[in-house]
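Peer 1: Just dropping this structure here.
The values are calculated or read from the model by the stated rules, or taken from the named source; none is laboratory data. Only a predicted model underlies this, so the values are computations on that prediction, with no experimental measurement involved. Here the Cβ is made from the backbone with ideal geometry for all residues, glycine too, and neighbour counts use every protein chain on show. Note: areas computed on protein heavy atoms with side chains; ligands, DNA, RNA excluded. Shrake-Rupley method; radii C 1.70, N 1.55, O 1.52, S 1.80 Å.
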Amino acid sequence: MTDLTRIHELLVVAGELDLRSVARAFAEIFESDGATAFVIVDSDLTVGGAYPGDDAAAGTLRIPVGYGVVGLVAQNGNSVTIVDDSPRNPQHRALLHLAEGQVVSRLCVPAHGLEGAIVGVISVHRFDHRAFGEDELARAQRLADLVGLRLYAEGLRGAAEEHHSLRDQLIAQAISAQEAERRRIAGDLHDGVTQALASLSFHLSAAHTGLSVAARNGAADDHPLIAGTLDEIAEAKRLAGLAYDETRAAITGLHSLLLEDLGLVAALESLCQSLPQLDVEFRSDHPDEFTVVPDHAAAALFRIAQEALNNAIKHAQAQRVVLSLRRVGDAAVLGVTDDGAGFDVRSVRGRPPAEAGEHFGLASIVERSALIGATLRIDSIEGRGTAVIVELPLH
Ligand SMILES: Nc1ncnc2c1ncn2[C@@H]1O[C@H](COP(=O)(O)OP(=O)(O)OP(=O)(O)O)[C@@H](O)[C@H]1O
Ligand SMILES: [Mg+2]
């Protein structure tokens, strides 16, 4: 096996690079007593892997970039060979198994990533005073740069993953904050407006009764003024009742207590039952299938279902609507299908913002799906119906 194939085989293994095996390969390729693969972490060199190495020393050794032989190689990118070197750092000596006063010959090469970035240093050592030659230095540099590229790619992947998880956290926080705000508004409406409307209704009833009794006692209930006032009071009471019902409906729309308490399946089921104007069939897998759906994603799916059902009521004139929540492999799939009027999805979704005007529903469905990393499909055929399908991967 050539030097290159030996390193190549280590680099193509999936997962994190095994730097101890890399160090061992360098030690054997250069007929040496050992080797260390250092990686740069926050301006320090730490031991990524050493052969034969020493676990305790490897765990604690930190060499600032710019200090000592290895630190200088990491800083200026120039490879070096040294005969009979004697590192001062006790942990470094322990890592190399150096006895008191013992010296080593060393070869240190930087490991480059892309665009000249130095991501680590590979250091190979011999105890028998044999110097490393120029050809060995050149070979070691080529091999170290292959290792460097792999480390660089690992670093990029790590940064991308961190970025993703930060983004996911921010989205979860944003959705939770939005839900908390809705809960607050729903609470305020409930405690303030609905209570006031209920007591307004009560007072109007009392006024109506009082006035009727007073009029009867005065035998004047046929007086046109009194009859008119009684009608006004009755109308005011009807309007107060209407306002009460509308506020209750708004509260339910703003915040689902069921979603919070009993979860997505129960909340969707109750959503279907709360729409007397529409015949909605609900189909779902067992609620346990959806316990892995994070709270913020459940809230988003609930809102999407709510809007899709609202659209079916407002626009579809449908005979039947089916709302479903299914577990398909590693995904939760929400579907809202109606057999109503249908519409031209492309022209509606392609409308410029000025024309879209007051129509927020579909845009919010698109936005919420994207936020939780779900894929959305809206299929509609004019005269046949509409299907809104949201697929949320659960990993
Ligand atoms: N299920 C459906 N059946 C028929 N047409 C639909 C359906 N869903 C949406 N549409 C059409 O798409 C348009 C845009 O829907 P969208 O939900 O964005 O706005 P909206 O319902 O009109 O208003 P908003 O949702 O802001 O109250 C609707 O005006 C309607 O023409
Ligand atoms: Mg709508």
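Peer 1: Could you tell me which of the residues L262, L301, L325 is at pLDDT below 95 and not charged (D, E, K, R)?
Peer 2: L262
Peer 1: Identify the residue in segment 228-259 that is open to solvent by less than 50 Å² (accessible area, probe 1.4 Å) and over 30 Å from A206 (Cβ atoms) and, among all such residues, is modelled with the highest pLDDT.
Peer 2: Among residues in segment 228-259 that are open to solvent by less than 50 Å² (accessible area, probe 1.4 Å) and over 30 Å from A206 (Cβ atoms), the one modelled with the highest pLDDT is L259.
Peer 1: Given the conditions (1) part of a helix (DSSP H, G or I); (2) more than 16 Å from ligand 2 (Cβ to nearest atom); (3) without any contact (Cβ under 8 Å) to a residue 12 or more places away in the chain; (4) over 20 Å from S176 (Cβ atoms), which single one is not true for P276?
Peer 2: Just one mismatch for P276, condition (1).
Peer 1: So, one more: Picking from G155, G148, G120, G113, which residue would you name as being of a type outside the set (K, R), open to solvent by 40 Å² or more (accessible area, probe 1.4 Å) and in contact (Cβ under 8 Å) with a residue 24 or more places away in the chain?
Peer 2: G155
Peer 1: The conditions are (1) open to solvent by 60 Å² or more (accessible area, probe 1.4 Å); (2) part of a helix (DSSP H, G or I); (3) in contact with an Asp or Glu (Cβ under 7 Å, 6 or more places away or on another chain), and D168 fails exactly one of them. Which is it?
Peer 2: Answer for D168: the failing condition is (3).
Peer 1: While we're looking at this one, here's another question. Has segment 179-187 got at least one residue that is assigned to a helix (DSSP H, G or I), under 25 Å from the mean Cα position of the chain (by Cα), under 22 Å from I372 (Cβ atoms) and without any contact (Cβ under 8 Å) to a residue 24 or more places away in the chain?
Peer 2: yes
Peer 1: Further, regarding this structure: So for segment 46-58 (the condition being in a helix (DSSP H, G or I) and touching a strand residue (DSSP E or B) at 6+ places or on another chain (Cβ under 9 Å)), does at least one residue qualify?
Peer 2: Looking for residues that are in a helix (DSSP H, G or I) and touching a strand residue (DSSP E or B) at 6+ places or on another chain (Cβ under 9 Å), one finds at least one in segment 46-58, hence yes.
Peer 1: Restricting segment 380-395 to residues that are away from ligand 1 (no atom under 11 Å from the Cβ) and assigned to a strand (DSSP E or B), which is surrounded by the most Cβ atoms within 10 Å (Cβ to Cβ)?
Peer 2: My answer is V390.
Peer 1: Residues in segment 64-100 that are touching a helix residue (DSSP H, G or I) at 6+ places or on another chain (Cβ under 7 Å) and open to solvent by less than 20 Å² (accessible area, probe 1.4 Å): how many?
Peer 2: 2
Peer 1: I would also like to ask the following. On the phi < 0 side of the Ramachandran plot and surrounded by 12 or more Cβ atoms within 10 Å (Cβ to Cβ): does that describe A198? Steps first, please.
Peer 2: Values: on the phi < 0 side of the Ramachandran plot: yes; surrounded by 12 or more Cβ atoms within 10 Å (Cβ to Cβ): yes.
Judged against the criteria, A198 is a match.
Peer 1: May I pose another question? Tell me, which residue of segment 323-368 that is part of a loop (DSSP other than H, G, I, E, B) and in contact with a Gly (Cβ under 9 Å, 6 or more places away or on another chain) is nearest to Q173 (Cα to Cα)?
Peer 2: R351
Peer 1: Suppose the filter is open to solvent by less than 30 Å² (accessible area, probe 1.4 Å), assigned to a loop (DSSP other than H, G, I, E, B) and assigned by TED's automatic domain parsing to the domain that holds L392; does L301 pass it?
Peer 2: Considered against the rule, which asks whether it is open to solvent by less than 30 Å² (accessible area, probe 1.4 Å), assigned to a loop (DSSP other than H, G, I, E, B) and assigned by TED's automatic domain parsing to the domain that holds L392, L301 comes out as no.
Peer 1: Could I ask something else about it? Select from segment 317-340 the residues that are open to solvent by 10 Å² or more (accessible area, probe 1.4 Å) and touching an Asp or Glu at 6+ places or on another chain (Cβ under 7 Å) and write down the one among them that is nearest to ligand 2 (Cβ to nearest atom).
Peer 2: This residue is A318.
Peer 1: Within segment 291-321, track down each residue that is closer than 17 Å to I175 by Cα and near ligand 1 (Cβ under 9 Å from one of its atoms).
Peer 2: E307
Peer 1: Being more than 30 Å from R303 (Cα to Cα), not in a loop (DSSP other than H, G, I, E, B) and not assigned by TED's automatic domain parsing to the domain that holds L11, is that true of even one residue in segment 218-225?
Peer 2: Of segment 218-225, the ones more than 30 Å from R303 (Cα to Cα) are 218-225.
Narrowing the set further to residues that are not in a loop (DSSP other than H, G, I, E, B) leaves 224-225.
With the extra rule that they be not assigned by TED's automatic domain parsing to the domain that holds L11, the set shrinks to 224-225.
The answer is yes; a qualifying residue exists.
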